[in-house]
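One structure is given here, and the rest of the page talks about it.
None of the figures in this text is laboratory data; all of them are computed from the coordinates on show. Here the structure is a predicted model, which means the values were calculated and not measured. Every residue, glycine as well, gets a Cβ built from its backbone with ideal geometry; the counts of neighbours run over all protein chains shown.
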Amino acid sequence: MAGWPIACASDLAGRGSGGGHRRPVSAPYAAATIIALRQDWIRTARAKGVSHARLVWHHVLPHALLPVVTVLALDLGSLFSGVLVSETVFAYPAWAS
């Protein structure tokens, strides 16, 4: 049972920092994909004969991933700040030491 306090502190710090940061990313991705598929340049690419796979991978996906990357980057910043606060509260040195 020697490692029990460390496991508890790690669990509490992890729950405190990551608990409120589980924002769904599928809704912004789905909305951005639908918006990208309705653009004029997608219709033009289809008219030129671009295959569906190439259209999705090279034209739609880069534009649809932008909101997902933005949400994840914002969550990452708040996660790091939550880790620093929880390490200060629990006095468990990990990243802030």
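Things to note:
- For first residues located in segment 24-37 and polar (S, T, N, Q), partners that are in a helix (DSSP H, G or I) and surrounded by 13 or more Cβ atoms within 10 Å (Cβ to Cβ) and lie 6+ apart or on another chain with Cβ distances below 6 Å form the pairs Thr33/Ala64.
- Considering only residues in segment 79-89 that are of a type in the set (Ser, Thr, Tyr) and surrounded by fewer than 14 Cβ atoms within 10 Å (Cβ to Cβ), the one that is farthest from Val25 (Cα to Cα) turns out to be Thr88.
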